[in-house]
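Scroll down for the structure; my scribbles are underneath it.
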Amino acid sequence: MSTFLESFPSPPIPKFDFNPPAPSKISSIPTPCPACLPHEPTYPIPHLTTPMPSPLSSPSSSSPSSPSTPSSPSSTISSPHEPSPTPVPHLSQPPVAPSHPMITRAKAGIFKPKHQADLAYVNSHPFYYSLFSQQVPKGFKSAAKNPLWMRAMEEEMSALRCNGTWTLVPRPNNVNIVGSKWIFRTKYLPDGTVDKHKARLVAQGFTQIPGLDFTHTFSPVVKAATIRIVLSLAVINNCPLHQLDVKNAFLNGNLGETIFMEQPPGFLDDRFPHYVCKLNKALYGLKQAPRAWFQRLSTFLLQNGFTCSKSDTSLFIFKKGSCIMYLLVYVDDLILTGSHSNTIRSFIFRLHKEFATKDMGNLSYFMGLEATHDSHGLFLSQSKYAHDIVAKANLLEAKPFHTPLATSTILTKDGTPFSNPTMYRFLVGALQYLTITRPDISFAVNQVSQFLQNPTEEHFQSVKRILRYVKGTLSFGLHFSKPKNTNILGYSDADWARCIETCRSTYGYSILLAGTLSLGVLRSNLQLPALAVNLNIVPWLTLLLK
């Protein structure tokens, strides 16, 4: 307000020769007449949206009134001999609309998307809130303080003893002894409540010696594209999705090598504390355990009428008349869907007789993927996994970015080497797995993945930008809806020698099954035309759907 009043010239103020007396004679000072006092002209105060009452006025005079009302706090007292001041324009007048003929993005209604942090959304969802709030212990010492985890470890030890997993023997000489440790996991129901606390004893397979403790270790794992395709088929045909969990699956594998392991931490035998465990069956953590379990499971499925898909060896298909069933295998987690409910229940019963299997109902949490069923279909996301990545990078308090990568960014090998390449590789690898349900970051992750050997500071800044974008879009994912048609539509494109170091192109393709993304890949160093690559992918998808 003071700045506004400075624009008006103030009239000269008369000077009076008035010397106050000593403090002891204040009572004898004659009171001057109010009419004889000088009056400094004031000017109207501009209208305010919320009028501020004067501290010297009474409560009744704090209501707004016209400037000419004497009781108003914003009224003025002027001399009748003074000219009336110039009226001040009202400050709340609407701004003048631009008259320039240029069409800008704002005029056309085009604005940059603003992704606020989705932490408020995910915390309001019961399932997401449970995923984020639960703390899983890292070792036996921290787990022993919680009776729930102690009970889970006792249940695991009871199952291992009943299954005859090992035999206690004296510690042999000149033999490699494999270590052991506990890992913990909390399993949830679709409504967000805790289903069970799972403790699992694993062998420290990194201490095994190749050629002595193991030979072959390869075991197939279901592809992410296969998961999306099977989920699309289930939503299109309105088929139920059953999630099955095989208890202690690796204990069903037959072990061909002689392996010795240390006794479990916290559960040493009182009679033989210095003995070691001679394994009779495969155990989690061993290099050959996944292969032994898959061979046992695949043998059972083939004996029950399933066939192994030629496109993905982790997909088993059952066909008999009009009945069809798909079974996805990811280690000890199984996804089963089919057209006949009675046939599905019959197979689950046979599977439970062969292995200790638990039917967990509708698909809810699988391989770090959260599945949410609604009236329009199925929503697949990785909010918990994305939140953990951002937390490990210490970027939960960082400001989100609107895009994962700037359009003008071109990464090269030149620059200051990054001080922690292991951290860089860990974050990039985690982001690669996040692209299962986040195709919007595929190109950015593809760019930073090309410098895993010698990352620079600029490369790490690009990774941080992707993480900050992920932090603001935690609830993003893929939605599988029920379409009107089930056509397969493919797109492919390639740039022209975008890489300034190799002068090679980057191509990408996406295959949509019934309008939902099933395949999407971005690759660099193009040597084949993008159309030729796309034509090779479509037959693979067709063979998978047969």
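The values are calculated or read from the model by the stated rules, or taken from the named source; none is laboratory data. In this text, all values refer to a predicted model and were calculated from it rather than measured experimentally. Glycine also receives a Cβ, built like all others from the backbone with ideal geometry; neighbour counts cover every protein chain displayed. Protein only, heavy atoms only, side chains kept; ligands, DNA and RNA dropped before computing areas. Shrake-Rupley method; radii C 1.70, N 1.55, O 1.52, S 1.80 Å.
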Among the residues of the range 157-166, are any under 35 Å from the mean Cα position of the chain (by Cα), among the polar types (S, T, N, Q) and in a loop (DSSP other than H, G, I, E, B)? no
Restricting the range 263-285 to residues that are in contact with an Asp or Glu (Cβ under 8 Å, 6 or more places away or on another chain) and closer than 15 Å to ALA203 by Cα, the one surrounded by the most Cβ atoms within 10 Å (Cβ to Cβ) turns out to be CYS277
Filter pass, SER311 being more than 19 Å from LYS358 (Cα to Cα), in contact with a helix residue (DSSP H, G or I) (Cβ under 9 Å, 6 or more places away or on another chain) and not charged (D, E, K, R): yes
Of the numbered conditions (1) open to solvent by 50 Å² or more (accessible area, probe 1.4 Å); (2) at pLDDT 90 or above; (3) among the basic types (Lys, Arg), ARG438 fails exactly one; give the number of that condition. (1)
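Inspect all residues belonging to the range 382-404 and state whether any of them is free of Cβ contacts under 8 Å to residues at least 60 places away in the same chain, in a helix (DSSP H, G or I), aromatic (Phe, Trp, Tyr) and open to solvent by less than 10 Å² (accessible area, probe 1.4 Å). Let's see the steps before the verdict.
Just the residues of the range 382-404 that are free of Cβ contacts under 8 Å to residues at least 60 places away in the same chain, to begin with: 385, 388, 391-392, 394, 397.
Within this subset, residues satisfying the condition of being in a helix (DSSP H, G or I) are 385, 388, 391-392.
With aromatic (Phe, Trp, Tyr) added as a condition, the list becomes 385.
Filter once more, keeping what is open to solvent by less than 10 Å² (accessible area, probe 1.4 Å): none.
There is no residue in the range 382-404 that is free of Cβ contacts under 8 Å to residues at least 60 places away in the same chain, in a helix (DSSP H, G or I), aromatic (Phe, Trp, Tyr) and open to solvent by less than 10 Å² (accessible area, probe 1.4 Å).
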Any residue at all in the range 423-430 that is without any contact (Cβ under 8 Å) to a residue 24 or more places away in the chain, closer than 20 Å to LYS223 by Cβ and not aromatic (Phe, Trp, Tyr)? yes
Which numbered condition in (1) open to solvent by 30 Å² or more (accessible area, probe 1.4 Å); (2) in contact (Cβ under 8 Å) with a residue 24 or more places away in the chain; (3) under 29 Å from SER322 (Cβ atoms) is the only one that ALA356 fails? (3)
For the range 366-376, name all the residues that are in contact (Cβ under 8 Å) with a residue 40 or more places away in the chain and farther than 12 Å from LEU241 by Cα. MET367, GLY368, LEU369, GLU370, HIS376
Pairs, please: C-beta under 6 Å, at least 6 apart or cross-chain, first residue modelled with pLDDT of 75 or more and in the range 478-489, second among the hydroxyl-bearing types (Ser, Thr, Tyr)? LEU478/THR437; PHE480/SER232; PHE480/THR516
Of all residues in the range 444-459, which are surrounded by 15 or more Cβ atoms within 10 Å (Cβ to Cβ), assigned to a helix (DSSP H, G or I) and not hydroxyl-bearing (Ser, Thr, Tyr)? ALA444, VAL445, ASN446, GLN447, VAL448, GLN450, PHE451, GLU458, HIS459
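Can you find a residue in the range 262-282 that is in a strand (DSSP E or B) and of a type in the set (A, V, I, L, M)?
Going through the range 262-282, the residues in a strand (DSSP E or B) turn out to be 276-279, 281.
In the following step, the residues that additionally are of a type in the set (A, V, I, L, M) were identified as 276, 279.
Yes, the conditions are met somewhere in the range 262-282.
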Given the criterion open to solvent by 70 Å² or more (accessible area, probe 1.4 Å) and either of a type in the set (Phe, Trp, Tyr) or modelled with pLDDT of 85 or more (or both), identify the matching residue among ASN123, ASN173. ASN173
